[in-house]
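Shown next, in C-alpha cells, is the structure this report addresses.
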Amino acid sequence: MSWFSILIITGNQSFSRKQFVVFARKMSGLEEARRIKRERELQVVKKDRKGPPLRRGKVSPRLPVPDDILKPPYVGSDILPEMGTEYQIHDSEGIAKMRAAGELAARVLNFAGTLVRPSVTTNEIDKAVHQMIIDAGAYPSPLGYGGFPKSVCTSVNECMCHGIPDSRQLQNGDIINIDVTVYLNGYHGDTSKTFFCGDVSDAIKNLVKVTEECLEKGIAVCKDGTPFKKIGKRISEHAEKYGYGVVERFVGHGVGTVFHCEPYIYHHRNDEGGCMVEGQTFTIEPILSMGSTDCITWPDNWTTVTTDGSPAAQFEHTILITRTGAEILTTC
C-alpha cells in the first residue's frame, strides 16, 4: 500500500476526490523534486571522492582486559546472544547506574571524536578508546559480542554500521560514525555520533546534520505511555523533507543490564504495538542514506555498506523514559 493510499483511508475524510488528486499530484511533484536533487548531490559526492570504495584493511588482534574488570556474560563465546525479551525498567539504584554508564560512554565518544583526522587509522581510535574504558574500570561492550573483534565500531562513508576498526587511514573528506558502548557496574551505556574528517562536502554535511536532527526529533516524542511507533513516524517525516532514506534493517533496542533486548525501536514508519513505560531505557539510533537504503554485509558478518556506495550517517543515544518526557543518559 502506497503512502497516498494510507492517507486517503486514515486522513481527512472531508477531501473530495478532485481535491485529493490535486493534493496527491502536488506531493508527488515535491517528492520527485527531492529525489532528483538527492541524486544530483550523490553524483557530485561520488565524482569528488578522491579515494576508492571502502575496503577492509588489516585487523589486529583483540586487546586484553584486566581480570578484575567485570565482564558481560557473553564474553568468552563467539555465539551471538539471543535478543532479550524482557524490557529494561529500573528502580532508583538501576537508574543511577545507567546514568553512570551513559555518562562514561559519552565522555569516551567525545574523546574518540578528537582523534578523527586524516591519516589516523580506525585501529588507533579503537586502541585509544579501549584504554580509556578500562582505565575507568569498565568493559568495552562490543569486544567479544558475537565474536566482534574490537572495542568500538567505526563506520566510514558508505558503511552504515558495525564497521570493524582496521589499518585503513582516514582520508580528508571522510565521515566516520564511532559507536561506543561501555559496561560499568553491570550496566551498558550505548551511544554513537558521526564525525567529519577534514574538509567534508556541503552535501554530506547536510546529510549528517539532518540525521542528528532525526535523532533529536525521535527523542522529543518520548514519554510514559507514548506508542513506540511515534518515533519512526517523526524520524521519517523529517528525513523525507530532505529526500533522505531511513534504513529499515537496523533498529534501536532496550539496553541496561542486557546489551540488546526488546523493545525493537523502528526508525521508519511502522504499525508495531507497545508503549513506553516510566523507568524504561532503550536506544534510538537512526541511519540515513543519501542514496539507497539497501545494504550488503561483508564476509566478516559485521561490516554493512550501502549497495550503491552512497554515504550514510548515524547518531545514537540511550534514553530513560520519565513521566513527562525522556532523559538522555549518554551526555556529559
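The values are calculated or read from the model by the stated rules, or taken from the named source; none is laboratory data. These numbers come from a predicted model, not from an experiment. Glycine gets a Cβ as well: all are built from the backbone with ideal geometry, and neighbour counts include every protein chain shown. Heavy atoms of the whole protein, side chains included, go into the accessibility calculation; ligands, DNA and RNA do not. Shrake-Rupley method; radii C 1.70, N 1.55, O 1.52, S 1.80 Å.
Quick notes on this structure:
- Filter pass, Ile321 being over 22 Å from Asn157 (Cα atoms) and aliphatic (A, V, I, L, M): yes
- Identification of strands (runs of 3 or more DSSP E) wholly contained in region 143-201 with 2 or more residues that are at positive phi yields no element.
- Selection count, region 284-318, where residues are in contact with a strand residue (DSSP E or B) (Cβ under 6 Å, 6 or more places away or on another chain), outside any strand (DSSP E or B) and open to solvent by 40 Å² or more (accessible area, probe 1.4 Å): 2
- Evaluating Gln171 against the criteria (1) in contact with a helix residue (DSSP H, G or I) (Cβ under 7 Å, 6 or more places away or on another chain); (2) touching a residue at least 40 places away in the same chain (Cβ under 8 Å); (3) not hydrophobic (A, V, I, L, M, F, W, C) leaves one unmet condition, (1).
- The single condition from (1) touching a Pro at 6+ places or on another chain (Cβ under 8 Å); (2) assigned to a helix (DSSP H, G or I); (3) modelled with pLDDT of 95 or more that Arg62 fails is (2).
- Looking across region 271-294, the residues that are in contact with a Ser or Thr (Cβ under 9 Å, 6 or more places away or on another chain), more than 19 Å from Ala326 (Cα to Cα) and either free of Cβ contacts under 8 Å to residues at least 60 places away in the same chain or among the hydroxyl-bearing types (Ser, Thr, Tyr) (or both) come down to Ser289, Ser292, Thr293, Asp294.
- Checking Thr191 against (1) open to solvent by 10 Å² or more (accessible area, probe 1.4 Å); (2) touching a residue at least 40 places away in the same chain (Cβ under 8 Å), the condition it does not meet: (1)
- Residue selected from region 117-138 under the condition open to solvent by less than 10 Å² (accessible area, probe 1.4 Å) and in contact with a Phe, Trp or Tyr (Cβ under 9 Å, 6 or more places away or on another chain), by the criterion farthest from Pro53 (Cα to Cα): Ala138
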